[in-house]
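Engineer: Pasting a structure below so you can have a look.
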Amino acid sequence: MKIDKLVMATNNENKLREVRQILSPLGIEVISQKDAGADVNPDENGKTFSENAYIKAKAVYDIVKLPVIADDSGLCVDCLGGNPGVYSARYAPKGMECEKLLEELGNIPESERSAKFCCVISFIDQNGENSFLSGECHGFIGFEKRGTNGFGYDPVFMYGEKSFAEISSDEKNKISHRAKALESLYNLLNERYGN
Ligand code: ITT
C-alpha cells in the first residue's frame, strides 16, 4: 500500500525542515513526532549511526504504530579518525560545535582537512519492518565559519568553494548526505509500496 505519510522521530527542527522540503514535493507528508503524540527522547547509546537511528525510530513506532523515519547523522573528520562521528551532537555545547572543531584542527593544511557528512535513516513500516538507507557528502573543514544558513557544522563544512551555510537550502537538499539517504528511501517506497 502506498505510503503518503511518515512520522519523523526527531527533536531537531532543522532536520525536520530539511526532510519536509525534500519529501513534500514527492507527495509525502512528514509529521513531527510531537504532533503525532510521541514525546520521547530515547538514549542514543548505540555505537553506529544505524543503531542510533533504529533506537529513535523504534521508540516512536512503539507509540504511534505508523510508518516512521529517524535520521542519525554526523560529521566524520579524517584527521580526527572519523570523529566526532556518532558523537557530533555531543561534541561541544550547543552552538559551539564549529568553534571547537576549528580550534581542534588549528592550522592543519587544507589537504588534510577532508571530512564527510553521514546520514543513516531507519525506516520502520506499518508492520514494524525496518530498513536502513544511507547517504554521504564529501568535503573539507574550512578555516573559519562562513554563512548563516543551515545548522550545526554547516558554516565550517566546505563543499567546493562554498560552505553549506552559504548555499541555499534548495541547493543543500540536492547534494547533502540527508538528501541522498532520502533519495534511496523514496526508491524503496516506490519499489516496495508502489509510491
Ligand atoms: P535527533 O537525534 O533528535 O534527530 P540530533 O541533533 O540529536 O537530533 P543526531 O543525534 O543525529 O541528531 O546528531 C547529529 C548532529 O550532527 C547534529 O546535531 C549536528 O550537529 C550534526 N549534523 C547532522 N547533519 C547535519 C547537517 O546537515 N548540517 C550540519 N550539521 C549536521
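The values are calculated or read from the model by the stated rules, or taken from the named source; none is laboratory data. Fair warning: this is a prediction, and the values are worked out from it, not measured in the lab. All Cβ positions, even for glycine, are placed from backbone atoms using ideal geometry, and neighbour counts span all protein chains on display.
Engineer: Condition test on Lys2, is it part of a loop (DSSP other than H, G, I, E, B), closer than 27 Å to Asp170 by Cα and more than 14 Å from the ligand (Cβ to nearest atom)?
Structural biologist: When the stated conditions are applied, Lys2 passes them.
Engineer: Further question on the same structure: Please indicate, with yes or no, whether at least one residue in the stretch 38-58 is touching a strand residue (DSSP E or B) at 6+ places or on another chain (Cβ under 7 Å), surrounded by fewer than 15 Cβ atoms within 10 Å (Cβ to Cβ) and modelled with pLDDT of 95 or more.
Structural biologist: The answer is no, given that none of the residues of the stretch 38-58 is touching a strand residue (DSSP E or B) at 6+ places or on another chain (Cβ under 7 Å), surrounded by fewer than 15 Cβ atoms within 10 Å (Cβ to Cβ) and modelled with pLDDT of 95 or more.
Engineer: For the stretch 128-171, enumerate the residues that are buried (at least 18 other Cβ atoms within 10 Å of the Cβ), within 12 Å of the ligand (Cβ to nearest atom) and small (Gly, Ala, Ser).
Structural biologist: Gly135, Gly139, Gly150, Gly152, Ser163, Ala165
Engineer: Among the residues of the stretch 78-110 satisfying the criterion of being surrounded by fewer than 15 Cβ atoms within 10 Å (Cβ to Cβ) and within 14 Å of the ligand (Cβ to nearest atom), which is nearest to Gly46 (Cα to Cα)?
Structural biologist: Tyr87
Engineer: Also: Restricting attention to the stretch 131-138, does a residue exist that is charged (D, E, K, R), on the phi < 0 side of the Ramachandran plot and not in a helix (DSSP H, G or I)?
Structural biologist: yes
Engineer: Further question: Please find, within the stretch 12-44, the residue that is nearest to the ligand (Cβ to nearest atom) out of those that are within 12 Å of the chain's Cα centre (by Cα) and not hydrophobic (A, V, I, L, M, F, W, C).
Structural biologist: That would be Asn12.
Engineer: May I pose another question? Could you grab me the full set of residues in the stretch 84-118 that are polar (S, T, N, Q) and under 27 Å from Ser50 (Cβ atoms)?
Structural biologist: Across the stretch 84-118, the qualifying residues are Ser88, Ser114.
Engineer: Please indicate, with yes or no, whether at least one residue in the stretch 56-79 is over 13 Å from the mean Cα position of the chain (by Cα), under 21 Å from Gly152 (Cα atoms) and not in a strand (DSSP E or B).
Structural biologist: Yes - at least one qualifying residue is present in the stretch 56-79.
Engineer: Is there any pair with a first residue in the stretch 1-20 that is at positive phi and a second that is within 14 Å of the ligand (Cβ to nearest atom) and part of a strand (DSSP E or B) whose Cβ atoms are under 7 Å apart and which are 6 or more apart or on different chains, and what are they?
Structural biologist: Cβ pairs passing all conditions: none.
Engineer: So which residues in the stretch 22-73 are aromatic (Phe, Trp, Tyr) and under 22 Å from Tyr193 (Cα atoms)?
Structural biologist: Scanning the stretch 22-73 gives Tyr54, Tyr61.
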